[in-house]
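As structure tokens, the structure follows; a few thoughts come after it.
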């Protein structure tokens, strides 16, 4: 019975009513500009560390000449050959990349989205809520800009995961610069940014739009349950949209001379293997983006709510959870 009370308390806390539009705008105006990038970086590191083995497996599947090996078989093969620690190979550059990239992306997304909304709204009219195409454009631009600025960290992460041996992140930077020059750190930046535009246009816009729709339907409040549903949808849409470009990006970063441009790489894959070649590693991509998107967006929203509460910009909505649980237990004792 006590467990039932606690579960009901969780559901109740996850469906705390959304603040009014006016209150939300006031919170946004009072929000410290560092909250979004810091919370984005923390949420990204949490999601990255938890899903790193999936990412390693995904990269190996994309590079494999034998596409018959499934996800579980590939992961087991990595563990058997190189040990369980190999599933976390490249974690340091991955965390560095995600903290910087996601911090920049989350810092830029809402301002770009609001700027697009303002620029496309006729004078004298209120902007209202952003439309889907505005979210898509803002998400793509924020992701592409963040990716370009942090492209060197992604290059090092991919090379370390594909088997190139370095004595840490600093050694990787110095080795690449010494061998090919500083500009080589941006090798593959074009496909990287193209992939990032597609992923973030799909992921950020899907999460933002689903959250907006779920709250508008007045079935759930803007809380944990809404964030879970919206992030799950965002991960699936992002995986479908990005898998072909993601594989092309990985191939280009490991062997640019053979594959040329992104378009040429995609054409070659489609010509040689058809649709299955374009979506080779889709399961791994989805299994990576699905949990990653869930952890990232849920953690980001919770960290942001906590930061807003601590800075006095908004009440701590999720703080209702323990209080409701205590009240439920008190009622149970009284009965």
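The values are calculated or read from the model by the stated rules, or taken from the named source; none is laboratory data. Only a predicted model underlies this, so the values are computations on that prediction, with no experimental measurement involved. Here the Cβ is made from the backbone with ideal geometry for all residues, glycine too, and neighbour counts use every protein chain on show.
So which of 321, 252 ends up being more than 29 Å from residue 37 (Cα to Cα), crowded, with 18+ Cβ neighbours inside 10 Å and either under 24 Å from the mean Cα position of the chain (by Cα) or at pLDDT below 80 (or both)?
Values: 321 fails: more than 29 Å from residue 37 (Cα to Cα).
When all the criteria are applied, what remains is 252.
Can you spot a residue in the stretch 230-238 that is surrounded by fewer than 21 Cβ atoms within 10 Å (Cβ to Cβ) and at pLDDT below 85?
Looking through the stretch 230-238, none of the residues is surrounded by fewer than 21 Cβ atoms within 10 Å (Cβ to Cβ) and at pLDDT below 85.
Within the stretch 1-105, considering only helices (runs of 4 or more DSSP H) that don't extend past its boundaries, which have at least 1 residues that are at pLDDT 85 or above and over 22 Å from residue 156 (Cβ atoms)? Walk me through it before giving the result.
Working: elements: 2-14, 21-30, 35-63, 71-82.
Helices (runs of 4 or more DSSP H) meeting the threshold: 35-63, 71-82.
Quick check on residue 245: is it in contact with a helix residue (DSSP H, G or I) (Cβ under 6 Å, 6 or more places away or on another chain), surrounded by 14 or more Cβ atoms within 10 Å (Cβ to Cβ), in a helix (DSSP H, G or I) and at pLDDT 85 or above?
On the way: in contact with a helix residue (DSSP H, G or I) (Cβ under 6 Å, 6 or more places away or on another chain): yes; surrounded by 14 or more Cβ atoms within 10 Å (Cβ to Cβ): yes; in a helix (DSSP H, G or I): yes; at pLDDT 85 or above: no.
So residue 245 fails the test.
Would you confirm whether any residue within the stretch 217-224 is assigned to a helix (DSSP H, G or I), over 13 Å from the mean Cα position of the chain (by Cα) and either modelled with pLDDT under 90 or under 19 Å from residue 265 (Cβ atoms) (or both)? Please lay out each step first, then the result.
If we filter the stretch 217-224 for residues that are assigned to a helix (DSSP H, G or I), which is where we start, we get 224.
Checking the rest, the ones that are also over 13 Å from the mean Cα position of the chain (by Cα) come to 224.
Next, from what is left, pick out any that are either modelled with pLDDT under 90 or under 19 Å from residue 265 (Cβ atoms) (or both): 224.
Among the residues of the stretch 217-224, at least one is assigned to a helix (DSSP H, G or I), over 13 Å from the mean Cα position of the chain (by Cα) and either modelled with pLDDT under 90 or under 19 Å from residue 265 (Cβ atoms) (or both), which makes the answer yes.
Checking residue 315 against (1) at pLDDT below 85; (2) surrounded by fewer than 17 Cβ atoms within 10 Å (Cβ to Cβ); (3) assigned to a helix (DSSP H, G or I), which test does it fail?
So residue 315 meets the others, but not (3).
Might you let me know whether the stretch 184-192 holds any residue that is at pLDDT 90 or above, in a helix (DSSP H, G or I) and touching a helix residue (DSSP H, G or I) at 6+ places or on another chain (Cβ under 8 Å)? Walk me through it before giving the result.
As a first pass, look at the stretch 184-192 and keep what is at pLDDT 90 or above: none.
The answer is no; no qualifying residue exists.
Applying the selection to the stretch 112-140, what residues are in contact (Cβ under 8 Å) with a residue 40 or more places away in the chain and surrounded by fewer than 20 Cβ atoms within 10 Å (Cβ to Cβ)?
Answer for the stretch 112-140, where residues must be in contact (Cβ under 8 Å) with a residue 40 or more places away in the chain and surrounded by fewer than 20 Cβ atoms within 10 Å (Cβ to Cβ): 129, 132, 137.
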